[in-house]
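Down below is the structure, laid out as structure tokens.
The values are calculated or read from the model by the stated rules, or taken from the named source; none is laboratory data. Nothing here was measured: the structure is a model prediction, and the numbers come from that model. Quick reminder, even Gly has a Cβ in these numbers, built from the backbone with ideal geometry, and neighbours come from all protein chains shown. Calculation scope for accessible area: heavy atoms of the full protein, side chains included, ligands and nucleic acids excluded. Shrake-Rupley method; radii C 1.70, N 1.55, O 1.52, S 1.80 Å.
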Amino acid sequence: MARERPRPTHHLPGGRFRNPWPEAADDDRIRGEFRKVAWEWLTKSIPPDPQPDALPVATADMAHPRCDDAETRITWVGHATHFVQLPGLNLLTDPMWSPRASPVASVGRARFVAAAPGLEALPHVDAVLLSHDHYDHPDRPTVLRLRERFGADLPWFTPLGYKRWFASLDVRNVAELDWWEGCDLPQGYRLVATPARHWTRRTPWSTNQRLWCSWAVTSLGAAGPRLYWGADSAYASHFKEIYARLGPFDACVLPIGAYDPRWFMSASHMNPEEAVTAYEDLGRSGAFLPSHWGTFRLTFEDPLEPPVRLRAAWEARGLDEGLLHVPRHGETVQLRSGGSTSAKG
Ligand code: ZN
Ligand code: ZN
């Protein structure tokens, strides 16, 4: 008789998930302090939303249909949505083209900047990566538009627990992966679902019933590019483990926004300084691209502050200025040989 495998430390009995690191032991209690945060929101002075011209939109420079053998192109559509072009492979991350991140189309968090480029401008998409179920990430109208544009067979890769939601949208080509599970693509790459210190909730009763993750993309060939896409994550020791198992990376895309008030948000999101520490944990090499800022009002900080603090932290740590790429909305970062050069559209 086959012996039952021990339950992974991020799985709870009954099917829910948790963050297994000692530094995350208090996260659920902190996230439960919602009334205290709401009170602070009402009583503290919160920096205003940015003026529209404070976040200029660039013209994307995507490769049509694909980029060449020596390059990587990453186009920031806004928030956590990236169109990633590796030699022979076009990937989309957490696709979100809707005007609001909300369960209801007409109310809720509105974008500061329209998603750019438009979904219709994308070249072919080979696969879509999803990180977790918060409303600023998987977006029902965008899923339906992608099905319309690229067909019902467009492959989706998700952490555990998403197939049913996708089936309700008649999207069935969905592979669910647990942390550290990988899947080989016919384009010559391996996708690995990697840990993140975060959580899930789509409805008030569904907390942590679905898993959350980040993603590593590695080439099956010896010399191909390796990418780490950090999704939403608080800081924890998982970055070191991801580097040990799957690094070094030619490019790291890491979240830098949604961090204040710190006492509450440090259980869910990194601040820019922690994102730089995560980059150092991930091997301190390759390009750094920030994400998850300047698009939706999620938290208390000035929405324009994250890249300012990021640049300051980058300089203070003595990191190579040529490896830091802070794209505008819609901008394409083009990387060649180790992420050291960029041509921006
Ligand atoms: Zn989230
Ligand atoms: Zn988010």
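When the range 299-311 is filtered for residues that are assigned to a helix (DSSP H, G or I) and open to solvent by less than 60 Å² (accessible area, probe 1.4 Å), the ones remaining, listed by number, are Glu305, Pro306, Pro307, Leu310. Scanning the range 212-245 for residues that are within 15 Å of ligand 2 (Cβ to nearest atom) and assigned to a loop (DSSP other than H, G, I, E, B) yields Trp212, Cys213, Gly230, Ala231, Asp232, Ser233.
For Thr75, the conditions (1) at pLDDT 95 or above; (2) assigned to a loop (DSSP other than H, G, I, E, B) all hold with the exception of (2). Residues that are within 12 Å of ligand 2 (Cβ to nearest atom) and farther than 25 Å from Arg226 by Cβ within the range 258-271 comprise Ala258, Tyr259, Met265, Ser268, listed in sequence order.
A count restricted to the range 68-104 and to residues that are within 15 Å of ligand 2 (Cβ to nearest atom) and either closer than 19 Å to Ala58 by Cα or under 17 Å from the mean Cα position of the chain (by Cα) (or both) stands at 13. Out of Pro65, Pro95, Pro48, I need the residue that is touching a helix residue (DSSP H, G or I) at 6+ places or on another chain (Cβ under 8 Å) and assigned to a loop (DSSP other than H, G, I, E, B). Which one? The unique qualifying residue is Pro95. Just one of the listed residues (Gly247, Gly230, Gly221) is touching a residue at least 12 places away in the same chain (Cβ under 8 Å), small (Gly, Ala, Ser) and under 22 Å from Ala312 (Cα atoms), namely Gly230. Selection of the range 316-332 for residues being without any contact (Cβ under 8 Å) to a residue 24 or more places away in the chain and either of a type in the set (A, V, I, L, M) or not in a loop (DSSP other than H, G, I, E, B) (or both) yields Ala316, Glu321, Gly322. Here is a list: Ser106, Ser102, Ser131. Which entry is of a type in the set (S, T, N, Q) and surrounded by fewer than 13 Cβ atoms within 10 Å (Cβ to Cβ)? None of the other options fit; the residue is Ser106. For Gln51, the conditions (1) open to solvent by 30 Å² or more (accessible area, probe 1.4 Å); (2) in contact (Cβ under 8 Å) with a residue 24 or more places away in the chain are fulfilled apart from (2). Checked against (1) within 30 Å of Gly224 (Cα to Cα); (2) in contact with a His (Cβ under 7 Å, 6 or more places away or on another chain), Asp136 passes all but a single condition, namely (1).
For the range 257-288, residues that are open to solvent by less than 10 Å² (accessible area, probe 1.4 Å) and within 14 Å of ligand 1 (Cβ to nearest atom) total 6. Every test in (1) part of a loop (DSSP other than H, G, I, E, B); (2) farther than 30 Å from Val107 by Cβ; (3) of a type outside the set (Ser, Thr, Tyr); (4) within 16 Å of ligand 1 (Cβ to nearest atom) is passed by Leu254 save one, and that test is (1).
Kindly indicate whether Gly15 is surrounded by 15 or more Cβ atoms within 10 Å (Cβ to Cβ) and touching a residue at least 24 places away in the same chain (Cβ under 8 Å). So Gly15 does not fit the description; no. In the range 230-250, which residues are open to solvent by less than 40 Å² (accessible area, probe 1.4 Å), away from ligand 1 (no atom under 14 Å from the Cβ) and out of contact with any helix residue (DSSP H, G or I) (no Cβ under 9 Å at 6 or more places or on another chain)? Hits for the range 230-250 are Leu246, Gly247.
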